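Peer 1: Sharing a structure here in structure tokens format.
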């Protein structure tokens, strides 16, 4: 835990120590050690590399909750493209069915990008809503690898083309997805909610799928609210449930793995935006 009464230097040292601890837990196959303050040194396959922590440290400066600081660090570390070297030998045709979109906190990917000296090897992403970005990943059974600018250039394609492919792949993977539905037992009440928590890593990201949003609208009405507090959870609900669900969504975003946002989203026939109703 970082002591808020400590000096700036002591806080930076404690932050570096915590980042090292989490890095060893998340990437155990990497030999980690501390570099200078706000820098980690890793070695993988006999090749040393350096990860700067300044940007993620600055992003955490306004956060006082230790769990939220850990969540930001975990998101940052998970997004590091440490196994991306395997992509260097793969052509697009070999991996096109494994390319998916993924929502991530903007702060985590911005910090990853800032920590990498070569801009061509930084992950590619696009701003979305609620402080999130849409990244492109190569899916595997146990992990994902974030696509980089150099991958797009090597394959002779662009972000828009790969995003279209990624959304098609996610749409196909969502066929027959189990949903948890609940409606009010009171006759005449329109209260209802639907939960998607398949655990495949893309539950929250399914909010990007127009067909998925249209399907939810069949049960909830043409306009409804959505919470995506973490990567593996999406809850869509009618407006009358907002006051009940809002604190639960905020708590989930602070406490769960792979946090996304505690903000509530408004879905209309025109798209998705942050809801400011409460």
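All of the numbers you see were taken from the coordinates with simple rules; none came from a lab. Not measured: the values here are computed from a predicted model. All Cβ positions, glycine included, derive from the backbone under ideal geometry; neighbour counts span all protein chains shown.
Peer 1: Which residue, 73, 190, 234, tops the fluctuation ranking in a GNM of the chain built on C-alpha contacts under 10 Å?
Peer 2: With Cα springs under 10 Å in the chain, the top fluctuation among 73, 190, 234 is at 190.
Peer 1: For region 87-151, what does the relative contact order come out to in percent, with C-alpha contacts under 8 Å and a separation of six or more?
Peer 2: Values: 87 pairs, mean separation 23.5, N = 65.
Once divided by the residue count of region 87-151, the mean separation gives 36 percent.
Peer 1: Who wins for biggest fluctuation among 121, 256, 154 in a Gaussian network model of the chain, springs between alpha carbons below 10 Å?
Peer 2: Ranking 121, 256, 154 by mean-square fluctuation puts 154 first.
Peer 1: If you don't mind, another one. For 37, 64, 205, which order do you get if you count the other beta carbons within 10 Å of each Cβ and list the fewest first? Provide the component values of the computation, followed by the final result.
Peer 2: Numbers: 37 14, 64 10, 205 27.
Ascending number of Cβ neighbours within 10 Å: 64, 37, 205.
Peer 1: Could you check the simple spin-label distance between residue 96 and residue 157, using points 7 Å along Cα→Cβ, in nm with one decimal?
Peer 2: Placing both labels 7 Å beyond Cα along the Cβ direction yields 0.7 nm.
Peer 1: Set the Förster distance to 30 Å, then compute FRET efficiency between residue 223 and residue 254 from the Cβ-Cβ distance, nearest 0.05. Don't skip to the end; give the middle numbers.
Peer 2: On the way: r = 27 Å, r/R0 = 0.91.
Efficiency, from the Cβ-Cβ distance: 0.65.
Peer 1: Given a Förster distance of 41 angstrom, what is the FRET efficiency for residue 149 paired with residue 278, based on the Cβ-Cβ distance and rounded to 0.05?
Peer 2: Values: r = 39 Å, r/R0 = 0.95.
Plugging the Cβ-Cβ distance into 1/(1 + (r/R0)^6) gives 0.60.
Peer 1: Using a 10 angstrom cutoff on alpha carbons, build the Gaussian network for the chain and name the most mobile of 268, 157, 238.
Peer 2: 157
Peer 1: Determine, for 7, 108, 174, 50, the number of other Cβ atoms within 10 Å of each Cβ, and report the residues in order from fewest to most.
Peer 2: Numbers: 7 9, 108 27, 174 19, 50 13.
Ordered from fewest to most neighbouring Cβ atoms within 10 Å, 7, 108, 174, 50 come out as 7, 50, 174, 108.
Peer 1: A further question follows. I'd like the FRET efficiency for residue 33 and residue 54, computed as 1/(1 + (r/R0)^6) with the beta carbon distance as r and R0 of 22 Å, rounded to 0.05. Numbers along the way, then the final one.
Peer 2: On the way: r = 18 Å, r/R0 = 0.82.
In this case the efficiency is close to 0.75.
Peer 1: Would you mind ranking 237, 15 by Cβ crowding within 10 Å, fewest neighbours first? Could you put the intermediate results ahead of the total?
Peer 2: On the way: 237 23, 15 20.
The most exposed by this proxy come first: 15, 237.
Peer 1: Sticking with this structure for a sec: With just the Cα atoms defining each centre, how far is region 151-169 from region 91-138? Give it in Å.
Peer 2: 12
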